[in-house]
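Asker: Quick one: the structure is below, questions incoming.
The values are calculated or read from the model by the stated rules, or taken from the named source; none is laboratory data. These figures come from a predicted structure and were not determined experimentally. Backbone-built Cβ (ideal geometry, glycine too); neighbour counts: all protein chains shown.
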Amino acid sequence: MDEIKKRIDYLRTLINKANYDYYVLDNPTLTDQEFDKYLRELEVLEKNHPEYDSSDSPTKRVGGEVIDKFKKVKHQLPMLSLPDVFDISEIEEFNKRIVKENVEPIYVCEYKIDGLSVSLHYEKGKLIYAATRGDGIVGEDITHNVKTIKSIPLSLPEDIDIEVRGEIFMPKKVLEVLNEQRAKDNLPLFQNVRNAAAGSIRQLDSKIAAERKLDSFIYHLPNPQDYGIKTHQEALDYMKKLGFKVNEKANKLVKGINEIEAYINDITNERDSLPYEIDGVVIKVNSLESQQLLGFTSKYPKWAIAYKFPAKEVLTKLQDIIFTVGRTGRITPNAVLDPVIVMGSTVKRATLHNEDYVLMKDLKIGDIVSIRKAGDVIPEVVEAKKERRTGEEKDFVMIDNCPICNTLLIKKEGQVDYYCPNILCPARKVEGLIHYCSRKAMNIDGLGDEIIEDFYNMGFIKVIPDIYSLKDYRQDLIELEGYGNKSVDNLLAAIEESKSNSLERVLFGLGISGIGDKTALTLAKKFKSLDNMLEASYEDFLNIDDIGPTLAKNLYEFFHNEEKLELIDALKAIGINMNFLGEEGKYDYRISGKKFVLTGTLEFMGRDELSRILEDYGATASSSVSKKTDVVIVGENPGSKYDKARELGIEIWNEERIKGIIDSL
Ligand code: IVH
């Protein structure tokens, strides 16, 4: 064999082993300098000898592959999730069921890793593709990102075909460092390791995933019979032998309910000291024959359950209760807390909903309170620790006047909430802006609550249309603390992009009283365009499922209110899409909501076919060029439309450009 090829093979083996020692065994065998030196040598050799290129070379792990969308992958066997249980008595029931089926109660207990599951496919020992769970039936191809995860082998020591499944996760420390950096860059922080891992694996550019330092544990072999394997424990050993990272320290063979309980007690103590987040324990019947006998429901295997830890509670001091004013004028009391970390993120505030809620919990300012994260995300004040009161605590008193504009608050008969009735109250305006930009409305990345408040106070944004003029302040924004060219450009791009959102988003964003995101979608589907809604009668609204007399009245009044109509006109003039973009919600920011005109002969597809595709994506394709046209697509021998477009300064795309976009959809 050629000397070069020999050296390449030698380096690949050496680097793969070093990766394995470091990332799987947690036992480094090369210094960082040695590792870098060998990797660089291999990179140079591969660059100079492309004939020896190989998709499983360790040089492929640095990232760089960029995809333009995620391909769908149908799982060969469904990727099921597990039934959750929350206390020992439910585990006892599970155990009883197992015993009743004459199955020996021998289980493997494992940590439930807080990440996202992945399916890895190898053919002839080489990693061919990796997919997310998706809906369990169809997932997404994330191979380009998975290749950057060093604990996942690109090739196996045997030339076998095999699928294994496991969890991709972000170590706690990695999230901490990542969030510190994001705070400096003024980017939204990741709430927890799971969101961070999911956000990283859903990147089109694998360089980003590579930087995120994800890790893996493998815990499931879908086709054990193909390898003559009889128990789950053997499957874990086999996958370990193949070079996968299996959580050996945690996985334990146990017998009966008492040993399961002992396992849970042990790890409850160790949980905080682990370098990764776990949210429970998975209990699996060990014998694969018994697993087969027990079978599956449509959603879950009957041979395993997930015991979930109770939401974590921590104690802190309730410093104060302050009041905020929502966009409808609703007043909410909020707990101001001594900052405290709950499940990996800092909590400083928690909503206390309304006066009755605070009274019911009997909270006093100065109390020591316990906090937990409901659904792992939203912080909640659980209770006051009354035994810790010193007598210095102050009673909670509901306010009478708006904390912002001082107007006397009102409370309607039979309702729990107080409202500020002043429609000009500045707080309501800020909240209205926040609502408009929020995720379920226009979803403008980078315009979060605090930034909007700042921009409002600085005078950049007073009313919704001002959002779209932010670009005129580009230089001022760049000079603001915490901003730079890149973050301002990203923000401005996100604002531009939001112009082509489907109708339901604008509709929800407008903040019509009582219209949530779901109702907005129902309305958008029904009416198709805002213009149709402007023409609708009260009865037209009332005829829609889910809409009763109050909502119908709110809608009708909104669309006949002079101020609101002015706002709608202003948004239209800015070029905000006011049409529903199709049942399937097909969307592409380069196409959706735009007005196209096609001229000349296109080689790659007929004009009618192209028009249909554009319309599927919520664009319009019309025949004549006007000032309102966004883009003219020009083929061979274009007619006068081309000249007119040039005259009006309208964007012109050639065949190559539109073909590139269509191919990428
Ligand atoms: S076994 C059919 N084992 O928890 C077997 N799952 O609620 C399916 N998970 O979707 C999974 N750690 O993402 C299994 N040691 C572990 C796990 C684990 C975390 C996740 C996985 C799964 C979810 C089930």
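Asker: Could you list, in sequence order, the residues of region 115-132 that are more than 25 Å from Asp161 (Cβ to Cβ) and surrounded by fewer than 23 Cβ atoms within 10 Å (Cβ to Cβ)? Let's see the steps before the verdict.
Answerer: Filtering region 115-132 down to residues more than 25 Å from Asp161 (Cβ to Cβ) leaves 115.
Once the filter is applied, which keeps residues that are more than 25 Å from Asp161 (Cβ to Cβ) and surrounded by fewer than 23 Cβ atoms within 10 Å (Cβ to Cβ), region 115-132 yields nothing.
Asker: With the requirement that a residue be small (Gly, Ala, Ser), within 19 Å of Ile113 (Cβ to Cβ) and buried (at least 22 other Cβ atoms within 10 Å of the Cβ), what does region 196-242 give you?
Answerer: First pass over region 196-242, keeping only residues small (Gly, Ala, Ser): 196-200, 206, 209-210, 216, 228, 235.
Among the residues that remain, those that are also within 19 Å of Ile113 (Cβ to Cβ) are: 196-200, 209, 216, 235.
The answer is Ala196, Ala197, Ser200, Ala209, Ser216, Ala235.
Quick grid of which residues meet (1) of a type in the set (A, V, I, L, M); (2) modelled with pLDDT under 95; (3) not in a loop (DSSP other than H, G, I, E, B):
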residue	(1), (2), (3)
Arg372	no, yes, yes
Asp376	no, yes, no
Pro379	no, yes, yes
Val382	yes, yes, yes
Val416	yes, yes, no
Asn422	no, yes, no
Ala427	yes, yes, yes
Arg439	no, yes, no
Gly446	no, yes, no
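Asker: Pro157 is checked against (1) more than 24 Å from Leu14 (Cα to Cα); (2) more than 21 Å from the chain's Cα centre (by Cα) and fails just one. What number does that condition carry?
Answerer: With (1) more than 24 Å from Leu14 (Cα to Cα); (2) more than 21 Å from the chain's Cα centre (by Cα) applied to Pro157, the lone miss is (1).
Asker: For residues in region 133-148 being surrounded by fewer than 23 Cβ atoms within 10 Å (Cβ to Cβ) and in a loop (DSSP other than H, G, I, E, B), which is modelled with the highest pLDDT?
Answerer: Checking each candidate, the answer is Arg133.
Asker: Of everything in region 222-249 that's in contact with a helix residue (DSSP H, G or I) (Cβ under 8 Å, 6 or more places away or on another chain) and basic (Lys, Arg), which residue is nearest to Ser290 (Cα to Cα)?
Answerer: Lys230
Residues checked against (1) under 20 Å from Val325 (Cα atoms); (2) surrounded by fewer than 13 Cβ atoms within 10 Å (Cβ to Cβ):
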{"residue": "Lys361", "(1), (2)": "no, no"}
{"residue": "Arg372", "(1), (2)": "no, no"}
{"residue": "Ala384", "(1), (2)": "no, no"}
{"residue": "Gly391", "(1), (2)": "no, yes"}
{"residue": "Phe396", "(1), (2)": "yes, no"}
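Asker: Mind checking which pairs have a first residue in region 269-281 that is within 15 Å of Lys308 (Cα to Cα) and a second that is of a type in the set (A, V, I, L, M, F, W, C) and within 11 Å of the ligand (Cβ to nearest atom), Cβ under 7 Å, 6 or more apart or different chains?
Answerer: Arg271/Ile278; Ile278/Ile113; Gly280/Ala306; Val281/Cys109
Asker: Read through the list (1) at pLDDT below 95; (2) among the β-branched types (Val, Ile, Thr); (3) surrounded by 15 or more Cβ atoms within 10 Å (Cβ to Cβ), then give the number of the only condition that Thr268 fails.
Answerer: Going through (1) at pLDDT below 95; (2) among the β-branched types (Val, Ile, Thr); (3) surrounded by 15 or more Cβ atoms within 10 Å (Cβ to Cβ) one by one, Thr268 breaks only (3).
Asker: Please verify whether Ile152 is modelled with pLDDT of 90 or more and crowded, with 16+ Cβ neighbours inside 10 Å, treating the condition exactly as stated. Before the answer, list the steps.
Answerer: On the way: modelled with pLDDT of 90 or more: yes; crowded, with 16+ Cβ neighbours inside 10 Å: yes.
So Ile152 passes the test.
Asker: Give the residue, chosen from Lys72, Lys150, Lys100, Lys126, that is more than 16 Å from the ligand (Cβ to nearest atom) and touching a helix residue (DSSP H, G or I) at 6+ places or on another chain (Cβ under 9 Å). Quick ask: steps written out before the conclusion?
Answerer: Numbers: Lys72 fails: touching a helix residue (DSSP H, G or I) at 6+ places or on another chain (Cβ under 9 Å); Lys100 fails: touching a helix residue (DSSP H, G or I) at 6+ places or on another chain (Cβ under 9 Å); Lys126 fails: touching a helix residue (DSSP H, G or I) at 6+ places or on another chain (Cβ under 9 Å).
Just a single option satisfies the conditions, and that option is Lys150.
The rows are residues; the columns are (1) part of a loop (DSSP other than H, G, I, E, B); (2) within 16 Å of the ligand (Cβ to nearest atom); (3) surrounded by fewer than 17 Cβ atoms within 10 Å (Cβ to Cβ); (4) not β-branched (Val, Ile, Thr).
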position: Thr59; (1), (2), (3), (4): no, no, no, no
position: Asp68; (1), (2), (3), (4): yes, no, yes, yes
position: Met79; (1), (2), (3), (4): yes, yes, no, yes
position: Lys96; (1), (2), (3), (4): no, no, yes, yes
position: Tyr107; (1), (2), (3), (4): no, yes, no, yes
position: Tyr111; (1), (2), (3), (4): no, yes, no, yes
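Asker: When you scan region 225-320 for helices (runs of 4 or more DSSP H) that lie fully inside it, which ones turn up with 2 or more residues that are more than 13 Å from the ligand (Cβ to nearest atom) and either among the acidic types (Asp, Glu) or within 31 Å of the chain's Cα centre (by Cα) (or both)? Spell out the reasoning first.
Answerer: Values: elements: 232-241, 256-270, 288-294.
Qualifying helices (runs of 4 or more DSSP H): 232-241, 256-270.
Asker: If you check Phe169 against the conditions, is it farther than 22 Å from Glu65 by Cα and among the aromatic types (Phe, Trp, Tyr)? If you could, list the steps in order and put the result at the bottom.
Answerer: Details: farther than 22 Å from Glu65 by Cα: no; among the aromatic types (Phe, Trp, Tyr): yes.
So Phe169 fails the test.
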